[in-house]
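Just below is one structure, and these are the notes that go with it.
The values are calculated or read from the model by the stated rules, or taken from the named source; none is laboratory data. If you're wondering where the values come from, they're calculated on a predicted model, not measured in any experiment. Positions of Cβ are backbone-derived with ideal geometry, glycine not excepted, and every protein chain shown enters the neighbour counts. Surface accessibility is based on the protein's heavy atoms, side chains included, excluding ligands, DNA and RNA. Shrake-Rupley method; radii C 1.70, N 1.55, O 1.52, S 1.80 Å.
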Amino acid sequence: QLETLEQEEQECLELGPHPTEKTTRIVSHEHGMTVTKTLQEGEAEPQCLSFSYSRAKLQGLLLEGASLLLLRVLARRQTMPPDLVFPAINTEGDLCTSSY
């Protein structure tokens with residue numbers, strides 16, 4: 001029974017005179033999860049996008065941190081259940097599936 005309460009990812013690209021920083025923050029709350037994406041390019045105003053998913057859509061969701069933990073547990077047990085598929089959120093913040 002794994003549940004992610006909060007997750008934050010940060011990417012920085014420092015090519016040329018305008019560094020780019022992209023941050024994604026996922027926070028769990030009683031109604032589901034909110035994903036907030038921020039893009040900062042050089043000195044320009046940050047661009048923010050925020051959206052939410054309901055608990056019903058997120059049933060069984062496995063985010064990156066929980067996925068790494070699950071992989072360690074499976075490696076330690078030296079077993080892999082067949083057809084192991086979980087809902088996930090991709091790098092764009094869209095719901096997708098993750099299979100092992």
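Which whole-Hz couplings ³J(HN,Hα) result when phi for each residue of the stretch 80-86 is put into the Karplus expression 6.51 cos²θ - 1.76 cosθ + 1.60, θ = phi - 60°, listed in order with x for Gly and Pro?
These are the phi-based 3J(HN,Hα) values: 9, x, x, 6, 7, 10, 10 Hz.
I need to check one value: relative contact order of the chain, counting alpha carbon pairs closer than 8 Å and at least 6 residues apart, in percent.
About 18 percent, as a whole number.
Given the whole protein assembly as supplied and a 1.4 Å probe, what does the accessible area of VAL27 come to in Å², nearest 10?
40 Å²
Can you grab the distance from the C-alpha centre of the stretch 56-93 to the C-alpha centre of the stretch 12-50, Å, no decimals?
24 Å
PHE51: net charge of surrounding residues, Cβ under 14 Å, Lys/Arg +1, Asp/Glu -1, itself excluded?
Values: positive: ARG25, LYS37, LYS57; negative: GLU92, ASP94.
Net charge in that neighbourhood comes out at +1.
Nearest 10 degrees is fine. How inclined is helix 64-77 to the longest principal axis of the chain, computing both from alpha carbons?
Relative to the chain, helix 64-77 is tipped by roughly 30 degrees.
With a 1.4 Å probe and every protein chain left in place, work out the accessible area per residue of the stretch 4-99 in Å², rounded to a whole number.
On the way: 6930 Å² over 96 residues.
Each residue of the stretch 4-99 exposes 72 Å² on average to a 1.4 Å probe.
With the crude spin-label approximation of a point 7 Å out along Cα→Cβ, what separation in nm comes out for MET80 versus LEU5?
That separation, rounded to one decimal, is 3.2 nm.
Here are several values of Rg and Dmax of the Cα atoms in Å: [x] 15.2, 49; [y] 16.6, 52; [z] 16.1, 49. Which one was derived from the coordinates shown?
[z]
How much length, in nm to one decimal, is gained on full extension between THR36 and LYS57, taken as 0.36 nm per residue of separation minus their Cα-Cα distance? Numbers along the way, then the final one.
Details: separation 21, 0.36 × 21 = 7.56 nm, distance 1.74 nm.
Taking 0.36 nm per residue and subtracting the Cα distance, the gain is 5.8 nm.
Summarise the accessible area of the stretch 1-99 (1.4 Å probe, protein heavy atoms) by the percent that is carbon and sulfur.
51 percent
Counting only GluC sites (Glu not before Pro) that are in a DSSP loop and have at most 10 other C-beta atoms within 10 Å, tell me the longest site-free stretch of the chain.
That would be 44-91.
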